[in-house]
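A.B. asks: Mind having a look at this structure? Questions to follow.
The values are calculated or read from the model by the stated rules, or taken from the named source; none is laboratory data. If you're wondering where the values come from, they're calculated on a predicted model, not measured in any experiment. Here the Cβ positions follow ideal geometry from the backbone for every residue, glycine too, while neighbour counts run over all protein chains shown.
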Amino acid sequence: MTALRVTAESRGRVDERQLIARVISGDPRAQRELYECHVDRVYRLAYRLAGEEELARDFTQLTFIRAFERIAEFRHDSSLATWLHAIGVSIALNGLRSVKKSRVRDVPLEEASGLGTTSRSAEPDLKARLSAAIGSLSEKYRTVFLMHDVEGFTHDEIGAVLGIPVGTSKTRLFQGRAKLREALADFREEWVS
Amino acid sequence: MMKDDNQFDDVLRRAAQDYNRPPTVVPREEMWAAIEAAQAKRASRPLHIVAPGPHRPMPRYVWLGAAAAAVLLVATGVGIGRWSSAPVAAPVSVEKSRAVAANGSGAESAVPSVEQSAGIDASGSHASGSKSTGSANPGGKQRPTDGGQRVAVNGQRVTGTGHRASGTGHRALGTGRQAPDRGAFGTPRQEVPYQVATIRHLANAEALLTAFRTDSRDAKMDAQLAKWARDLLSNTRLLLDSPAADDPQRARLLGDLELVLAQIVQLSPGAATQDRELIEGSIQSGHVMTRLRSAIPAGPTRGL
């Protein structure tokens, strides 16, 4: 089973190299093929970070435009997906900083903690306060939390995408979760029990 | 406590799945169209032109090198030109001679004159040199046609006799060449100055005749035209005795022109209409204007 997986992975690597070579040579069909392979995941992450359809589209488009421009610089040190996500996350975070679209998420933690009720039936309140709490996290915690706990990236992938060590990714996730627990502490007893 | 944290984290993780939940349908085609449009726009974007930096003067050694190269180039060109040009045994000098016109006006002209050279073979077939044009002598004075010096209408001496002998003579001298050295237009190099002078002269004559036909109603203009015609007449006679008249057709034209010019010179201010018609008849009967225009090559002749 392991041998089969390794074979499939190596075959995928070869195909990826061939695809990249075709893109570099200017083959438009190869560009489209690469786009189709990765656009869903890049778009999902952009949407998670931006929270708006228009911004997510813009960030995804810019990601692929920049990737096609710079694909000759790709050194195969990581997978193509990791390289694409690194570009996408960088574009999204820079874009969010510039457009200041995180106004909803900029609600301070104290304010977010005061929004909740203790009622178990108030699940929509939990989600609303959780959204506010995630939005109020600083960028480094929120990014790692969303990538790991929401989008399912591994710490290895997060480290490669963000350019940070795996241990740093784990620490940021731990601290991010702790901040969220603290912000939603009044729900704790109710939901844990 | 730790167990509680893990449980709560699971709750938060599940709840966080709804945080900025992306739509199930990814707008692939719209985004791809936007990507293609952006790539096309980028491809058609003009190149960024870098503005030139501040002007820096060239160092002195660059100027010296450039000057030396220019001097070397000119010297090489002159050397090649001298080396490739034909050696001329007999000096046929085309100099700007001061041709004294028939009335002694002293107008300066650039008609080539050929100095009679003692070294020219007198047995040359064209020793007599001058050419009879058969034209009328307007002043009623005799024009010698024999070899030697020639006396113009008013009796003053004009240089330029015997050049036909000299021209033939130096062509025959032992330069070792069978064919005469030819210029750019297949004309013997020695005759090129005469051709240039002839063309310029004919252009001036055409201008004079045109002015005569249009402006000769005014007595003041008659005097000016007469003076102009006098200068041209002397030059015409010089050209008739030069290699420029080797061409029979051109010689006939110069002869007819000489007649017309002489008539204009003799035309007194305020002359009768009959006299003018006589001159006009000479111009028309000989088709002088047409032949003049045919003889003058197209293009500007002033710079010749």
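A.B. asks: Starting from the stretch A:20-46, take each residue that is part of a helix (DSSP H, G or I) and list its partners that are among the acidic types (Asp, Glu), counting only C-beta distances under 6 angstrom and pairs at least six apart or across chains.
C.D. replies: A:Leu45/A:Glu151
A.B. asks: Still on this structure, please answer the following. Out of curiosity, is A:Glu16 more than 14 Å from chain B (Cβ to nearest Cβ), modelled with pLDDT under 95 and under 23 Å from A:Gly152 (Cβ atoms)?
C.D. replies: It is true that A:Glu16 is more than 14 Å from chain B (Cβ to nearest Cβ), modelled with pLDDT under 95 and under 23 Å from A:Gly152 (Cβ atoms).
A.B. asks: Any idea which of (1) surrounded by fewer than 18 Cβ atoms within 10 Å (Cβ to Cβ); (2) touching a Lys or Arg at 6+ places or on another chain (Cβ under 8 Å); (3) of a type outside the set (Asp, Glu); (4) away from chain B (no Cβ under 14 Å) is the one A:His155 doesn't satisfy?
C.D. replies: (1)
A.B. asks: How many residues, within the stretch A:37-61, are within 13 Å of B:Ile35 (Cα to Cα) and either facing chain B (nearest Cβ under 7 Å) or surrounded by fewer than 21 Cβ atoms within 10 Å (Cβ to Cβ) (or both)?
C.D. replies: Total meeting the criteria: 5.
A.B. asks: Is the stretch B:8-15 home to any residue that is outside any loop (DSSP other than H, G, I, E, B) and more than 8 Å from chain A (Cβ to nearest Cβ)?
C.D. replies: Scanning the stretch B:8-15, I find at least one residue that is outside any loop (DSSP other than H, G, I, E, B) and more than 8 Å from chain A (Cβ to nearest Cβ), so the answer is yes.
A.B. asks: Residues A:Ala86, A:Ala92, A:Ala67, A:Ala56: which one is under 18 Å from B:Met31 (Cα atoms) and in contact (Cβ under 8 Å) with a residue 40 or more places away in the chain?
C.D. replies: A:Ala92
A.B. asks: Is there a residue being within 12 Å of another protein chain (Cβ to nearest Cβ), at pLDDT 90 or above, farther than 16 Å from A:Leu93 by Cβ and surrounded by fewer than 19 Cβ atoms within 10 Å (Cβ to Cβ) anywhere in the stretch A:122-135?
C.D. replies: Scanning the stretch A:122-135 turns up no residue that is within 12 Å of another protein chain (Cβ to nearest Cβ), at pLDDT 90 or above, farther than 16 Å from A:Leu93 by Cβ and surrounded by fewer than 19 Cβ atoms within 10 Å (Cβ to Cβ).
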